[in-house]
Amino acid sequence: MSEPVRIQEADFSQDEEIAALKVSSKSIGGIATFLGCARDFSEGRDVSEISFEAYGSMALAEMQKLRSEAIDRFGLLDARIVHRVTTVRAGDNIVFIAAAAEHRAAAFDGCRWMIDELKQRVPIWKKEITPQGESWVTPHP
Amino acid sequence: MIKVLFFGPVADRVQTREMQVEFAPGMTLHDVIAHIGMQYPGAFSIVSFIAVNQQQVHDKQTVLHDNDEIAFMAKFSGG
């Protein structure tokens, strides 16, 4: 069974992540997921690739903390966070977040909170590679 | 020695991902920033987060210890 929080180059399988959640508890009544993927445009420019960089050890520790906080805060039964750090092309997967709870409200709220917090707290940066050149992305709310 | 790490856009400005700074007793985070800032003026204008031993710190008077690891980071843009 893979770790519930991971940073990896390789793509992930949503089915495998969800299956891992489902075996963790028979009390799960709902699983909310967020899949972040690469767009082929940004601020009016074509984007051919997005390259990610992370402060790996700190990013992983922060993601683990984030998962634990989400479980406590929303009463989740389980949660998973997987972020790729590599170079991706349009349509490729970037990040997967899943929140499992007895009822849907906690699952939705926990999932939304985790992706919002990840963007604020986890030391990962993305660089967009366009036909005009490369540029680091300025964070969006 | 103090290990200093740079990531993303900050690494681009400093043109390296890692450097070593000689440790001196009583040294603070501010001392390291001043030392690097002299060599790379403007490098810190985009630094939004600083971590010492992977813990975010806000106080530049934080006293450092030999073998500490400092990271200078721009705003995060993961996800």
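Numerical summary
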read-out: Unmet requirement for A:A98, which otherwise passes all of (1) touching a Ser or Thr at 6+ places or on another chain (Cβ under 6 Å); (2) within 9 Å of another protein chain (Cβ to nearest Cβ); (3) among the hydrophobic types (A, V, I, L, M, F, W, C); value: (2)
read-out: Of residues in the range A:50-73 being over 19 Å from A:C37 (Cα atoms), among the charged types (D, E, K, R) and within 12 Å of chain B (Cβ to nearest Cβ), the one surrounded by the most Cβ atoms within 10 Å (Cβ to Cβ); value: A:E62
read-out: Qualifying residue in the range A:39-49 (condition: surrounded by 13 or more Cβ atoms within 10 Å (Cβ to Cβ), modelled with pLDDT of 95 or more, outside any helix (DSSP H, G or I) and not polar (S, T, N, Q)); value: yes
read-out: Inter-residue pairs, beta-carbon under 6 Å, first under 25 Å from A:S135 (Cα atoms) and in the range A:44-69, second of a type in the set (K, R) and at pLDDT 95 or above, 6+ apart; value: A:E49/A:R89; A:I50/A:K126; A:S51/A:K127; A:F52/A:K126
read-out: Residues being surrounded by 14 or more Cβ atoms within 10 Å (Cβ to Cβ) and either more than 18 Å from the chain's Cα centre (by Cα) or part of a loop (DSSP other than H, G, I, E, B) (or both) - total across the range A:26-38; value: 3
read-out: Condition met for B:V10 (assigned to a helix (DSSP H, G or I) and more than 14 Å from every other protein chain (Cβ to nearest Cβ)); value: no
read-out: A:V23 of a type in the set (A, V, I, L, M) and away from chain B (no Cβ under 14 Å); value: yes
read-out: Near pairs, Cβ below 9 angstrom, 6+ apart or cross-chain, from the range B:14-43 (part of a helix (DSSP H, G or I)) to any residue that is among the polar types (S, T, N, Q); value: B:V14/B:Q39; B:L29/B:Q61; B:L29/B:T62; B:H30/B:Q61; B:H30/B:T62
read-out: B:V14 vs. criteria surrounded by 13 or more Cβ atoms within 10 Å (Cβ to Cβ) and at pLDDT 95 or above; value: no
read-out: Residue match in the range A:102-111 (condition: in contact (Cβ under 8 Å) with a residue 12 or more places away in the chain and either within 12 Å of chain B (Cβ to nearest Cβ) or part of a strand (DSSP E or B) (or both)); value: no
read-out: A:L76 being more than 14 Å from chain B (Cβ to nearest Cβ), over 14 Å from A:E134 (Cα atoms) and outside any helix (DSSP H, G or I); value: yes
read-out: Breaking point among (1) touching a Pro at 6+ places or on another chain (Cβ under 9 Å); (2) under 30 Å from A:P131 (Cβ atoms); (3) small (G, A, S), for A:G91; value: (1)
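The values are calculated or read from the model by the stated rules, or taken from the named source; none is laboratory data. These numbers come from a predicted model, not from an experiment. Here Cβ is always computed from backbone atoms with ideal geometry, including for glycine, and neighbour counts include all displayed protein chains.
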